[in-house]
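Okay, so here's the structure we're looking at.
Laboratory data are not the source of any read-out in this text; all were calculated from the coordinates shown. Since the structure is predicted, the reported quantities are computational estimates derived from the model, not experimental observations. Counting neighbours? That spans all protein chains shown, and the Cβs are built from the backbone with ideal geometry, glycine included.
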Amino acid sequence: MAPYGARAREYKDGLIDLSVGTPVDPTPDFIQHALIESANSPGYPLTIGSPRLRQAMRDWAINIVGVTGDFDLLPSIGSKEVIANLPSQLEATRVLYPAIAYPTYLVGALLAKANAEAVDLDSTHWPVADFVWINSPSNPTGRISPRAELEKTIQYSRRTNAVIASDECYFNFPASSDGEQPVSILSVAAGDNKNILSIHSLSKRSNLAGYRGGLIIGDPLLIAKIREIRKHAGLLVPAPVQAAMTAALGDEVHVHEQALRYARRREVIRPALESMGFIVEHSEAGLYIWCTRGERDLDSVSALAEKGILVAPGGFYGVAGATHIRVALTATDAEISAAAARLLAK
């Protein structure tokens, strides 16, 4: 990407970087205050989370995610460390992951020395495996898995005894309030949570990427095994971050406000991309626009770099994405408007 970044920086008004998904909007004040007020933390934090955090996570899992039945949960150091470590912690031997996907699914399988295989989204054709990653809303495509598809995935787990790990870190960001809404696999499971885990992150939900806070929800037997490993591996969420997570999970107003920001940015830049001949695919939720002109991904990256805009090539997310680009909405309103103006200028 370095040559394309260099080219984009040469643009007369400078670089607008839409290639990465790091939040740019402020961490809400009340969350910052919770962190500061817990700064005096001389003792070790609890691996399972403080009593207040555990209650906040449980309430959020039930009321927002829609979890029912018997389940347990754990705080995590963001969601990326969970994705990288979970196959090892559960001693997976064969890992399936989506053909277009976040690269850390493959990395985690390699770290576990497991066989890894990219698969399509229809579980009817999946080979037998003991661990499966699914991702809805998807990074990079923004696709929302339909309920029927999630039901079939659960049926696959029942047939094969595979663990289904559902990465749902973009759960809170549908493209619009009246559009399709993401659904957690745990709400579809209807209380039978055996072999099902849901992974969430506060990085995007609450603009806490710098804090590193997330959570794992699901099968209590799996959570118990993961908890013991995390305890001995020192995978502890710092106490001030636990306090911040408690505050963040107790409020949905700031989440709704952030979702509206991303929805507005999507509405600004999508027609500008379409004016250049890009066809937007999926992008029903999350923080990205997934689009194509039917050309090699780096040719599209190059065309946008000429306008001072840097985006991610789809091939980063698997060979099936080699004719697409991912355009991040994690830029300020002013930057998104400026990028749209550049794209619309002839």
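Which loop trypsin sites (Lys or Arg not before Pro) in the stretch 1-94, with loop taken from DSSP, have no more than 10 other Cβ atoms within 10 angstrom of their Cβ?
Working: sites: Arg7, Arg9, Lys12, Arg52, Arg54, Arg58, Lys80, Arg94; in loops: Lys12.
Answer in residue order: Lys12.
Counting pairwise Cα distances across the chain, what percent come out greater than 26 angstrom?
Working: 29513 of 59685 pairs.
For the chain, the fraction of Cα-Cα distances above 26 Å is 49 percent.
At 10 °C and a viscosity of 1.306 mPa s, what translational diffusion coefficient does Stokes-Einstein give for the stretch 1-125, taking Rh as the Kirkwood radius over Cα pairs? Give it in µm²/s as a whole number. Intermediate results must be reported in sequence, preceding the final value.
Details: Rh = 19.1 Å.
It diffuses with D of about 83 µm²/s by this estimate.
May I ask you to compute the full-extension gain from Glu267 to Phe30, defined as 0.36 nm times their residue separation minus their alpha-carbon distance, rounded to one decimal in nm? Walk me through the numbers on the way to the answer.
On the way: separation 237, 0.36 × 237 = 85.32 nm, distance 2.90 nm.
In short, 82.4 nm is gained.
Using the Cα centre as the reference, give the magnitude of the dipole from point charges on the C-beta atoms of the stretch 181-295 (Lys, Arg: +1; Asp, Glu: -1; all else neutral), rounded to the nearest 20 debye. Working shown, then result.
Numbers: 14 positive and 11 negative charges, 80 e Å.
Taking the Cα centre of the stretch 181-295 as origin, the dipole is about 380 debye.
Let me spell out the model: positive unit charges on the Cβ of Lys and Arg, negative unit charges on the Cβ of Asp and Glu, origin at the Cα centre of the stretch 7-137. What dipole size does that give, in debye rounded to 20?
Around 240 debye, computed over the stretch 7-137.
Starting from the Cα gyration tensor of the stretch 148-202, take the square roots of the eigenvalues, sort them a ≥ b ≥ c, and report rounded, prolate or oblate (rounded when a/c is under 1.5, otherwise prolate if a/b is larger than b/c, else oblate). Before the final figure, lay out each step's value.
Numbers: a/c = 2.71, a/b = 1.81, b/c = 1.50.
Note, shape of the stretch 148-202 comes out prolate.
Put +1 on the Cβ of every Lys and Arg and -1 on every Asp and Glu Cβ in the chain; which of Ile279, Ser177, Leu304 then has its Cα farthest towards the positive end of the dipole?
Of the options given, the answer is Leu304.
Rank Ser201, Ala247, Asn135 by how far each Cα sits towards the positive end of the charge dipole of the stretch 30-250 (+1 on Lys, Arg Cβ; -1 on Asp, Glu Cβ) and give me just the farthest.
Going by the charge dipole, the pick is Ala247.
Please give the Cα centre distance for the stretch 122-194 versus the stretch 264-299, rounded to the nearest Å.
First find each Cα centre; the distance between them is then 24 Å.
Normalised radius of gyration for the stretch 222-346, please: alpha carbon Rg relative to 2.2 N^0.38 Å, two decimal places. Intermediate values should be presented prior to the final figure.
Numbers: Rg = 19.3 Å, N = 125, 2.2 N^0.38 = 13.8 Å.
For the stretch 222-346, the normalised Cα radius of gyration is 1.40.
If packing is taken as the average number of other Cβ atoms within 10 Å across a peptide's residues, how do 242-252, 104-114 rank, most packed first? List each step's numbers first, then the result.
On the way: 242-252: 22.3, 104-114: 18.9.
Per-residue Cβ counts within 10 Å, averaged per peptide and sorted highest first, yield 242-252, 104-114.
Enter the mean projected area of the convex hull around the alpha-carbon atoms of the stretch 259-300, in nm², rounded to one decimal. Present the calculation step by step, with values, prior to reporting the outcome.
Numbers: hull surface 12.1 nm².
Convex hull of Cα atoms, orientation-averaged projection: 3.0 nm².
Put +1 on the Cβ of each Lys and Arg and -1 on the Cβ of each Asp and Glu in the stretch 30-250; which of Leu235, Tyr44, Tyr156 then has its Cα farthest toward the positive end of the dipole?
Tyr44
For the cross-link pairs Lys194/Lys231; Lys80/Lys194; Lys80/Lys204; Lys12/Lys204; Lys80/Lys113, which exceed 20 Å when the distance is taken from alpha carbon to alpha carbon? Numbers along the way, then the final one.
Details: Lys194/Lys231 22 Å; Lys80/Lys194 23 Å; Lys80/Lys204 12 Å; Lys12/Lys204 31 Å; Lys80/Lys113 18 Å.
Cα-Cα > 20 Å for Lys194/Lys231; Lys80/Lys194; Lys12/Lys204; rest within.
Can you show me the helix-derived [θ] at 222 nm for the chain, built from DSSP H runs with n ≥ 4 at -39,500 (n - 2.57) apiece and divided by the number of residues, rounded to the nearest 500. The partial results should precede the final answer.
Details: 13 runs with 136 residues, N = 346.
Computed mean residue ellipticity for the chain: -11500 deg cm²/dmol.
With θ set to phi - 60° and the Karplus curve 6.51 cos²θ - 1.76 cosθ + 1.60, what are the ³J(HN,Hα) couplings of the stretch 248-258 in order, to the nearest whole Hz, using x for Gly and Pro?
Ordered by residue, 3J(HN,Hα) equals 5, 6, x, 9, 10, 5, 5, 5, 4, 4, 5 Hz.
Please give the contour-minus-distance gain from Thr332 to Ala39: 0.36 nm per residue of separation, less the Cα-Cα distance, rounded to one decimal in nm.
Working: separation 293, 0.36 × 293 = 105.48 nm, distance 2.98 nm.
102.5 nm is the gain from fully extending Thr332 to Ala39.
For the stretch 160-266, what D do you get in µm² per second when you plug the Kirkwood radius from alpha-carbon pairs into Stokes-Einstein at 37 °C and 0.692 mPa s? Write out the running numbers ahead of the final one.
Working: Rh = 15.5 Å.
Translational diffusion coefficient: 212 µm²/s.
Over its Cα atoms, what ratio of radius of gyration to 2.2 N^0.38 Å does the stretch 223-288 give? Write down the numbers at each step before the final one.
On the way: Rg = 19.4 Å, N = 66, 2.2 N^0.38 = 10.8 Å.
Ratio of Rg to 2.2 N^0.38 Å for the stretch 223-288: 1.79.
Nothing charged except the Cβ atoms of Lys and Arg (+1) and of Asp and Glu (-1): what's the magnitude of the dipole of the chain about its Cα centre? Round to the nearest 20 debye.
Details: 33 positive and 37 negative charges, 103 e Å.
In total the dipole reaches around 500 debye.
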